[in-house]
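One structure is given below, encoded as structure tokens.
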Amino acid sequence: MPGLRPTPDRVRETLFNWLGQDLSGLRCVDAFAGTGALGFEAASRGAKDVLLVEKDGALVTQLQKVRTQLLKLELPEPVNQNLQIVRGEGVAALRQLAPESQDVIFIDPPFDGGLFESALSAAAAALSARGAVYLEAPKAWTDALLEPMNLVVFRYLKAGAVHAHVLHKAPAPAPL
């Protein structure tokens with residue numbers, strides 16, 4: 001698929017070290033699923049609910065096949081059945097989520113699509129108070145760039161052309 005850029009293995013391993021090995025009970029959205037690697041990884045680590053959103057119909061079909069195969073495997077920890085795959089646009093899907101309803105949101109849109117600001121704004125609204133947004137981008141995002149979205153950088157890694165970030169909600173200002 002043109003523009004498909006799976007998250008490098010090293011970056012994915014680091015991300016899940018940052019998030020924690022056990023995601024039991026967490027609600028996750030992979031807003032630009034592509035190959036589904038991040039969403040499937042979250043499901044395999046016990047996430048309570050995982051939603052994979054992908055715009056490309058051929059990729060959605062492939063994601064559904066992978067989901068079916070995963071559910072058939074006899075694993076020590078079965079993949080949660082609350083693994084939903086929908087065809088749709090990532091930003092629109094994020095905007096439809098209830099406020100503060102998600103614990104982990106993966107944002108890895110096409111680098112040339114101009115979707116970063118709108119995706120981050122929508123993700124910030126859907127993010128729970130202690131949740132995390134994973135952002136993969138062609139440039140580093142700073143707290144100053146993220147301020148309009150009420151997000152701050154918690155962790156950052158550069159691997160080749162990929163800038164990987166874990167973001168949290170900005171702390172509330174101290175009362176006067």
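Read-outs: derived from the displayed coordinates by stated rules, not from any lab. Treat the numbers as computed from the prediction; the structure is a model and nothing was measured. All Cβ positions, even for glycine, are placed from backbone atoms using ideal geometry, and neighbour counts span all protein chains on display.
Relative to the 2.2 N^0.38 Å rule of thumb, region 85-176 has a C-alpha radius of gyration ratio of 1.06. For the set K65/K169; K48/K169; K72/K158, the pairs lying more than 32 angstrom apart at their alpha carbons are K65/K169; K72/K158. Evaluated at 10 °C with a viscosity of 1.306 mPa s, what Stokes-Einstein diffusion coefficient in µm²/s does the chain have when Rh comes from the Kirkwood expression over alpha-carbon pairs? Translational D for this selection: 98 µm²/s.
Only the Cβ atoms of Lys and Arg (+1) and of Asp and Glu (-1) were treated as charged; on that basis the dipole of region 42-176 about its Cα centre amounts to roughly 220 debye. Ranking of W18, W141 by neighbouring Cβ atoms within 10 Å, starting from the fewest: W18, W141.
Each of Y156, A92, Y134 was scored by the projection of its Cα onto the charge dipole of region 73-176, and the greatest displacement toward the positive side belongs to Y156; charges sit on the C-beta of Lys, Arg, Asp and Glu.
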